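In what follows, a single structure is set out as structure tokens and then discussed.
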Amino acid sequence: MALLTPESGLLFWMFLSFGIVVIVLSRFGFPIILKMVESRKSFIDESLLVAKQAHEELAKVKIEGQEIINNARREQVAILNEATATRDVLINDAKTKASIEALKLIESARRQISIEKNDAIRDIRQQVTDLSIEIAEKLLREKMSQNGEQMNLINRMLGEINITKS
Amino acid sequence: MKNLHKIFCFLVIFMSGTMVMAEEKAESVQHKEQFNVRDFILEHVSDAYTWHITKIGDTEYSIPMPIIVHSSTTGWHSFLSNRLFDGHEYKGFKLAEEGNYKGKVVELNDKKEEVRPFDISITKVTFSLLLSCILLISIIMFVATSYDKNKHESKGGFVGFMEMFIMNINDDVIKPCIGKDYKTFAPYLLTVFFFVFINNLMGLIPFFPGGANVTGNIAITFVLAICTFVIVNIFGTAEYWREIFWPEVPVWLKAPIPFMPVIELVGVFTKPFALMIRLFANMIAGHSIVLALTCLIFVTVNLGHAMNTTMTVVSVFLSIFINVVEFLVAYIQAYIFTMLSAVFIGLARVQPHHPHVRKKRSFKIVNVKHKIKSLRKRFRKNK
């Protein structure tokens with residue numbers, strides 16, 4: 001049963017080599033590997049947490065941005081409405097002013113026309129008077145050329161004057 | 001399918017080659033004696049002072065190993081083992097041909113009796129062991145030094161593979177088996193795992209640097225078991241020792257005649273013993289099976305060509321199959337050794353139980369119901 005009895009030389013070498021292997025690896029080998037993996041794991045966990053937070057932050061920012069955009073849009077609509085209203089008011093104002101102005105112009109034109117008309121009428125009357133006086137002169141001269149007529153006229157005139165005096 | 005065809009052709013050529021060689025060998029063997037399978041296997045699984053490479057014709061090709069001995073009379077000696085071949089004697093040492101020390105270095109004392117000197121020769125197993133140790137240290141140190149402390153980058157390639165392997169053993173074997181203070185024992189247990197694994201793998205390589213039956217040698221598994229035994233008992237808690245010397249059993253089982261303490265104490269020694277025998281037996285069995293299947297070729301030479309050809313085919317296919325299985329066994333045995341060591345350490349790290357749990361640990365059958373209930377509760381809680 002040589003197989004079942006441990007050989008002293010082999011025991012010695014095994015103790016020596018396995019001891020060295022255990023000491024070296026359990027001091028400089030495995031703990032370093034385990035530590036690195038552990039630290040990497042915690043680093044990844046941390047990174048994931050940070051990423052998650054950033055994601056949440058981003059979502060928040062997005063919502064805020066949306067809100068701002070919505071507000072802006074609402075304001076825009078309000079401003080547009082106001083502008084429309086203002087425009088309408090302005091146009092109406094302008095219209096009324098214009099019509100008043102037009103009325104004023106028409107009025108003054110009319111007055112001018114009436115003044116001109118009166119002037120013209122007066123002129124015409126003047127001329128008519130002058131013409132009728134001339135005509136009357138002419139007629140009178142023609143009539144006066146006859147002797148009898150002169151006396152008649154003087155008499156009639158005198159008569160008339162008398163009448164008026166009395 | 002193309003490749004399969006090629007492989008098949010190769011195998012047929014290879015097998016016919018081996019067959020011819022086998023015939024020659026058998027013929028040469030036949031001249032002297034019948035081919036002895038038992039001796040052949042035992043010779044290959046046990047330790048030797050030389051590393052036998054091959055035999056071509058009548059010349060043996062082997063690497064002599066250094067012999068280092070300390071004689072009680074003449075002191076230290078060291079020389080190469082080829083000086084002792086073929087029954088030669090050197091400085092009063094020779095290889096014993098018969099008796100208890102067959103094949104070992106012996107010297108003759110005053111009464112002309114063969115005695116063993118203190119022998120720390122670099123034998124086949126020792127050489128393979130040292131080689132594996134160097135290989136293991138360089139692999140693990142390569143992985144450990146390839147990390148940049150300031151960078152948290154993940155590694156690919158071989159380092160990534162080793163890291164995954166190490167973390168697998170650490171997280172799935174050591175952590176659950178030991179419990180919360182597993183970090184103290186993880187480096188030792190990882191060393192044990194990779195030590196056993198690399199030696200198992202080296203044993204599967206059929207040519208020079210490998211092939212030695214290292215983990216199938218009782219001295220190797222003995223040291224491994226001793227280390228686990230020492231760690232288990234040094235780090236054992238007070239509760240662990242209390243459970244050995246004053247277990248929770250009815251008083252008559254432990255008071256006047258300490259039945260249970262004796263059984264528990266025996267258990268302390270059987271645990272590492274089981275570790276030692278399990279690894280040793282499994283690895284030696286694997287080597288023996290592969291060798292026996294190879295012997296099938298040589299044994300069947302006398303049965304004629306047809307039989308020999310068939311058995312050669314069978315032998316090669318079975319050898320391939322067993323080698324694949326052995327690859328699995330190499331991992332499984334390292335895994336089991338580590339896991340059992342971790343379990344034993346975990347058992348020795350037991351903490352005092354909670355009072356109501358302790359009550360339910362008594363031997364009364366009535367309490368089993370409660371036990372199941374509490375277990376269920378705990379299970380639910382853990383869920």
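Figures for the structure shown
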item: Longest DSSP-loop-exposure-free segment, GluC sites (Glu not before Pro), chain B, at most 12 other Cβ within 10 Å; result: B:154-383
item: Listed residue (A:61, A:106, A:147) projecting farthest to the positive dipole end of the range A:49-166, Cβ model; result: A:147
item: Within the protein assembly as shown, helix-based [θ] at 222 nm, where runs of 4 or more DSSP H residues each add -39,500 (n - 2.57), nearest 500; result: -24500 deg cm²/dmol
item: Size-normalised alpha-carbon gyration radius of the protein assembly as shown, reference 2.2 N^0.38 Å; result: 2.49
item: Extreme residue, positive dipole direction of the range A:1-121, given options A:78, A:115, A:96 (C-beta unit charges); result: A:115
item: Degrees separating the helix B:366-382 axis from the principal Cα axis of chain B, which is the longest one; result: 80 degrees
item: Size of electric dipole in the range B:124-352: Cβ of Lys, Arg +1 and of Asp, Glu -1, about Cα centre, debye, nearest 20; result: 200 debye
item: Alpha carbon convex hull of chain B, volume per residue in cubic angstrom; result: 269 Å³
item: Two-decimal ratio, the range B:124-352, of alpha-carbon radius of gyration to 2.2 N^0.38 Å; result: 1.28
item: Chain B: angle of helix B:2-32 to the longest principal axis, Cα-based, in degrees nearest 10; result: 70 degrees
item: For B:158-171, mean number of other protein chain Cβ atoms within 10 Å; result: 2
item: Shielding of B:213-222 by partner chains, average beta-carbon count, 10 Å; result: 4
item: Gaussian network model of chain B, springs between alpha carbon atoms under 10 Å - residue of B:167, B:202, B:283 with greatest fluctuation; result: B:167
item: Helix B:186-204 vs. chain B, principal-axis angle (Cα, 0 to 90°, nearest 10); result: 20 degrees
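Here, each number is a calculation from the coordinates, and none is a lab measurement. Quick caveat: nothing in here was measured; it's all calculated off a predicted structure. So basically every Cβ, Gly included, is an ideal-geometry build from the backbone, and we count neighbours across all protein chains shown.
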